[in-house]
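Undergrad: Sharing a structure, written as structure tokens. Questions coming.
Taken together, the values in this text are just the output of simple stated rules run on the coordinates, not laboratory data. What you see is a predicted model; the values in this text were computed from it and never measured. Please note: Cβ atoms are built from the backbone with ideal geometry, for glycine as well, and neighbour counts cover all protein chains shown.
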Amino acid sequence: MDDIKFHQDKPDNGPHHPRIYSPAFQPLLQSLLATLADLDFDYEKEREKLSNASPDTSIRIRALEKLKTRHRERREPYIQQLAILQKRMMEMRS
């Protein structure tokens, strides 16, 4: 535990710009990130199950590819919403 550092040992010589999000955006941001984390967790669980399930390599590879494609498709709308939210936050900072 001694090797974990929660602060910088050296002072930051450059300008420091803390990430501050508008309170109006925070619930949506947290919700989007939580949803993505849930999707990733579910994907990893299913991937592990499939990896251990079928002794037939070709079937397993196809199933894993299908799962990966489905995972990307499920994540995409949330990634798009995050991009829109990020753009709005950047516009408000300007």
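Undergrad: Provide the per-residue ³J(HN,Hα) series for region 76-88, in order, calculated from phi with Karplus coefficients 6.51, -1.76, 1.60 and θ = phi - 60°, each as a whole number of Hz, with x at glycine and proline positions.
TA: Working through the residues one at a time gives 3, x, 6, 5, 4, 5, 4, 5, 5, 4, 4, 4, 4 Hz.
Undergrad: Would you mind ranking Ser51, Ser58 so that the residue whose beta carbon has the fewest other beta carbons within 10 Å leads the list?
TA: Taking fewest neighbouring Cβ atoms as first place, the list is Ser58, Ser51.
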